[in-house]
Structures are given as C-alpha cells and as structure tokens.
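So the structure is just underneath, and the comments pick up after that.
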Amino acid sequence: MIPYLEALENDRLSSLDRDRLLIIIRKIREVFEDHFDRTWLAIIIDGLPIDFRTIRQIRLLVSLQSIHDGDERALYHAVSELEQFIIHVRRYLLPGLKERLGVSGLVPDKIVKDKQQYIIRRFVAYTFPYNLDKLSHLTFELKNHLRLLFPLIN
C-alpha cells in the first residue's frame, strides 16, 4: 500500500475512534448532568469523602466537545475521578439515601413535610441506584475504549 494512503487510513480510524470516545462521553454527560450534577445532590453529599476537584474533573470530562492528541492522560485521570465518585457514592451515599433525602420511614421526624417535595425525593430515591449503575456502565465502557486506543497509558 502507498504510505500516504496508509496514513490516511490510520487517520480515518483515529477519527472513528475519537468519535466513539465523544459518543460515550456525551452519554456520560447526559446521565451525569440529568441525575448527579444537581443542587439536591450537592446538599446530600455534604460530609462525604468526595473532593471538590473530583466533581470539577468530571465536569471537565463531560464538557469535552473534541479530543486532541495528547489528551490521553487527562482522559484517563478524569475517568479515574469518575470511578472514585461512583465508588464513594455507592459506599457512603446509597445506603442512607432515603434518610438524607428526608423520605425514610425509619426517621419519621425528618421526613420532608411538603408533599410535592416528598414525591420528587421519593422518585429520586427509587431511580438513583439505576442511574448510578448506568453511569458506572458508561464509565467502564469509556475506560475500556481508552485502554484499546492507548494501551501504554494507565
């Protein structure tokens, strides 16, 4: 094969891989912004061992519109922060989520009095584990794709 055409073919593959990464990142953005990057979450994660830099790194990751050569390490770092976020939320927030949201019958004196807020928070409590699993799955997919593209970085 002519070296020039081979280079074009490699660039095309690279472009496809970059597009795939951006598609996964876009899916992560939708889940993260719709279900985790909310004011109510900021209130209930207060006191959890989640560093504010973790949230900042995740926001930088989900705001990506393009990927350039040399972004590999930053992507790996952001995925690592996202994994840590998921681990901490699973370990420290999920077991007491209803109590923190004020919808647990186990703590009747702290139940939210506003009926509309109660219904919304109850809905959040029921859907939160599913959304966390969805975020975890997409993070795993992104990490695997990064490993395929950049096996020497980790």
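All of the numbers you see were taken from the coordinates with simple rules; none came from a lab. If you're wondering where the values come from, they're calculated on a predicted model, not measured in any experiment. As a convention, Cβ positions derive from the backbone with ideal geometry for all residues, glycine included, and neighbour counts pool all protein chains shown.
Do we find a residue being assigned to a loop (DSSP other than H, G, I, E, B), in contact with a Phe, Trp or Tyr (Cβ under 7 Å, 6 or more places away or on another chain) and either of a type in the set (Val, Ile, Thr) or within 30 Å of Arg18 (Cβ to Cβ) (or both) anywhere in region 81-104?
yes
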Test of understanding: among Leu142, Leu94, which residue is crowded, with 18+ Cβ neighbours inside 10 Å, out of contact with any Pro (no Cβ under 6 Å at 6 or more places or on another chain) and within 21 Å of Ile28 (Cβ to Cβ)?
Leu142
Does region 110-121 include one or more residues that are touching a residue at least 40 places away in the same chain (Cβ under 8 Å), more than 16 Å from Asp34 (Cα to Cα) and over 18 Å from the mean Cα position of the chain (by Cα)?
no
Note on region 50-75: residues surrounded by 11 or more Cβ atoms within 10 Å (Cβ to Cβ) and assigned to a loop (DSSP other than H, G, I, E, B) are Ile50, Asp51, Leu64, Ile67, Asp71
Out of (1) in contact (Cβ under 8 Å) with a residue 24 or more places away in the chain; (2) surrounded by fewer than 13 Cβ atoms within 10 Å (Cβ to Cβ); (3) assigned to a helix (DSSP H, G or I), the odd one out for Ile43 is which?
(1)
Restricting attention to region 107-135, and to residues there that are in contact with a helix residue (DSSP H, G or I) (Cβ under 6 Å, 6 or more places away or on another chain) and basic (Lys, Arg), which single residue is surrounded by the fewest Cβ atoms within 10 Å (Cβ to Cβ)?
Lys134
